[in-house]
Amino acid sequence: MAKTKKTNPDLTAAKIGQLEQKNLLLEDKLKRSLADYSNLEKRIESQRQFFVTLATTAVITKMIEALDDFNLAYSHLQDSGLKMAIDKFVCALKSEGVEEINPINADFDPETMECVEACNGKNNQVISVRKLGYKLNGHVIRPAQVVVGKSDLN
């Protein structure tokens with residue numbers, strides 16, 4: 001005859017309670033781990049975007065410096081072929097999210113402009129632009145260099 005194991009109902013209920021408690025702890029750890037992993041993925045994507053933007057900004061800045069040289073050459077040569085190349089270059093920059101900051105006759109804005117000289121004129125109004133400024137996807141990558149009017153200069 002086979003021996004039957006007698007079980008204590010109190011022991012089984014206690015064991016079930018312990019297992020349920022352990023199950024709840026494991027579920028909580030799993031949920032926290034999944035949330036941590038999700039946050040890690042978001043942080044890595046954010047860092048990747050930051051580095052892409054940083055690299056793009058560096059390249060675009062070098063291209064803008066070349067554009068300055070082309071514009072200077074055009075101002076001296078007035079060559080229509082050079083003008084077409086400059087226009088194409090500007091179009092390519094615009095397609096990459098580059099915007100020109102040309103604040104002529106606007107009020108001076110230190111967020112987008114750098115005052116390189118003050119002269120007689122309407123107070124805090126841009127009189128002339130020495131170098132155009134540029135934004136990349138809404139962020140200033142080079143402020144416009146401007147001459148600002150001051151009414152109290154003699």
Taking the stretch 107-121 and the residues there that are outside any strand (DSSP E or B) and farther than 21 Å from Met63 by Cβ, the one that is most open to solvent (accessible area, probe 1.4 Å) would be Glu111
Does any residue in the stretch 95-116 that is within 15 Å of Ile141 (Cβ to Cβ) come within less than 6 Å, Cβ to Cβ, of a residue that is surrounded by 16 or more Cβ atoms within 10 Å (Cβ to Cβ) and of a type in the set (Phe, Trp, Tyr) six or more places away or on a different chain, and which pairs are these?
Val98/Tyr134
Pairs, please: C-beta under 8 Å, at least 6 apart or cross-chain, first residue under 17 Å from Pro143 (Cβ atoms) and assigned to a helix (DSSP H, G or I) and in the stretch 51-80, second open to solvent by 50 Å² or more (accessible area, probe 1.4 Å) and among the acidic types (Asp, Glu)?
Ile60/Glu96
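Of all the residues that make up the stretch 121-137, how many are aliphatic (A, V, I, L, M) and over 21 Å from Val98 (Cβ atoms)?
Count: 1.
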Taking only the stretch 47-78 into account, find how many residues are open to solvent by 90 Å² or more (accessible area, probe 1.4 Å) and either farther than 18 Å from Val98 by Cα or not aliphatic (A, V, I, L, M) (or both).
11
For the stretch 107-154, name all the residues that are more than 25 Å from the chain's Cα centre (by Cα) and closer than 24 Å to Ala92 by Cα.
Val129, Arg130
I'd like to verify a number: residues in the stretch 81-106 that are open to solvent by 90 Å² or more (accessible area, probe 1.4 Å) and either more than 26 Å from the chain's Cα centre (by Cα) or among the aromatic types (Phe, Trp, Tyr) (or both), how many?
2
Subset tally (residues that are crowded, with 16+ Cβ neighbours inside 10 Å and polar (S, T, N, Q)) for the stretch 122-138:
1
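The values are calculated or read from the model by the stated rules, or taken from the named source; none is laboratory data. What you see is a predicted model; the values in this text were computed from it and never measured. Glycine gets a Cβ as well: all are built from the backbone with ideal geometry, and neighbour counts include every protein chain shown. Areas reflect the complete protein model, heavy atoms only, side chains present, ligands, DNA and RNA absent. Shrake-Rupley method; radii C 1.70, N 1.55, O 1.52, S 1.80 Å.
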